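Worksheet: one structure, shown below.
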């Protein structure tokens with residue numbers, strides 16, 4: 001029997017200033033992690049542009065809090081290797097600027113490699129996808145010329161999530 005990924009999808013409107021803000025931050029990670037694209041600093045959640053997202057997350061998932069929030073800009077050829085977000089309960093990706101030709105988010109089935117992926121999340125601006133942080137996922141190389149801009153983040157349950165200093 002094939003496994004599945006517990007994926008929840010929500011609609012969160014995007015302030016038109018967010019994509020340009022993320023692009024303006026540039027690559028602050030040096031492509032040293034799984035994501036081979038321009039990645040901002042890990043903790044940009046205190047910027048007022050993300051207040052609406054934080055409020056919506058509180059409505060959708062009231063028992064969780066954001067521990068990390070960052071932006072990613074995928075240009076042609078950029079991708080993310082298969083990875084997980086260890087040390088957290090839930091992770092998410094929020095499409096803030098994407099077209100229907102942009103690279104999807106893929107959750108492979110490593111237990112049954114002959115089977116289709118567990119889930120393929122086609123990019124749609126305004127969609128927020130939440131999944132368990134231990135779920136392996138990747139993004140294939142971006143083949144379209146459009147910049148795929150996302151906000152990603154990690155959440156932890158209030159019971160095991162100390163406040164940031």
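Take every Cα pair under 8 Å whose residues are at least 6 apart in sequence, average their separation, divide by the length of the chain, and the relative contact order is 33 percent.
Averaging over all projection directions, the Cα-based convex hull of the chain occupies 9.9 nm² in the image plane. For a quick check, take a GNM of the chain with Cα springs below 10 Å and name the residue from 147, 17, 65 with the largest mean-square fluctuation. Among 147, 17, 65, the largest GNM mean-square fluctuation belongs to 17. Protection proxy ranking, highest mean first, for peptides 152-159, 82-89: 152-159, 82-89, where packing is the per-residue count of other beta-carbon atoms within 10 Å, averaged. Mean residue ellipticity at 222 nm, helices only, the chain: -3500 deg cm²/dmol; runs of at least 4 DSSP H residues each add -39,500 (n - 2.57), and the sum is divided by the number of residues. Every pair of different Cα atoms in region 64-113 enters the Kirkwood calculation, which places the hydrodynamic radius at 13.6 Å. Evaluated over the Cα positions of region 6-67, the convex hull gives a direction-averaged projected area, one quarter of its surface, of 5.3 nm². For the peptides 100-111, 128-139, residues were scored by their other Cβ atoms within 10 Å and the scores averaged per peptide; the highest-first order is 128-139, 100-111.
Computed from the coordinates by the stated procedures, all read-outs in this text should not be read as laboratory data. Since this is a predicted model, take the numbers as computed values, not measurements. In this analysis, Cβ positions are derived from the backbone assuming ideal geometry, glycine residues included, and neighbour counts consider all displayed protein chains.
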